[in-house]
């Protein structure tokens with residue numbers, strides 16, 4: 001028998017006992033399926049990556065996988081999740097110099113992926129077709145491919161150094 005497919009929509013639950021004058025507080029105000037947290041973890045694991053500021057690697061995270069994923073689910077469902085600081089790493093650029101890179105903890109990457117899986121399908125339809133920033137299936141390199149010409153209906157006669165920004 002196949003598992004039921006649920007819409008991973010994050011929704012605030014309705015208050016219990018709505019007819020009563022004093023409603024009972026709901027233990028978990030946000031309905032986040034545990035399966036969604038598991039799927040987010042699978043994506044983070046497939047992407048690999050370094051440990052964050054807490055020093056916990058994927059291998060160490062997996063030693064108490066059930067407990068770690070439960071903590072993420074519990075905090076996100078109750079609305080009490082707060083991301084920890086990120087680890088700062090300086091990455092050398094080809095032309096010299098460095099650029100900062102923030103590395104989140106494994107747990108925070110799972111939480112960010114849960115949020116992305118819920119929010120992305122809801123907000124994606126509202127973006128303009130020529131919008132490329134942080135969009136699925138689009139890259140920063142494609143952004144310079146004639147967006148201004150298409151928008152203005154003219155060919156621009158200048159070259160910008162926007163590649164240096166990426």
### Task
Check whether at least one residue in the range 49-56 is exposed (fewer than 15 other Cβ atoms within 10 Å of the Cβ), more than 21 Å from residue 136 (Cα to Cα) and free of Cβ contacts under 8 Å to residues at least 24 places away in the same chain, and report yes or no.
yes
### Query
What number of residues within the range 27-63 satisfy the criterion of being over 12 Å from residue 107 (Cα atoms), in a loop (DSSP other than H, G, I, E, B) and out of contact with any strand residue (DSSP E or B) (no Cβ under 9 Å at 6 or more places or on another chain)?
5
### Query
Does residue 104 satisfy being within 30 Å of residue 143 (Cβ to Cβ) and without any contact (Cβ under 8 Å) to a residue 24 or more places away in the chain?
no
### Query
How about the range 80-153: which helices (runs of 4 or more DSSP H) wholly inside it have at least 1 residues that are under 21 Å from residue 49 (Cβ atoms) and modelled with pLDDT under 90?
140-143
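The values are calculated or read from the model by the stated rules, or taken from the named source; none is laboratory data. Every value quoted in this text rests on a predicted model; they were computed, and no experiment measured them. Glycine also receives a Cβ, built like all others from the backbone with ideal geometry; neighbour counts cover every protein chain displayed.
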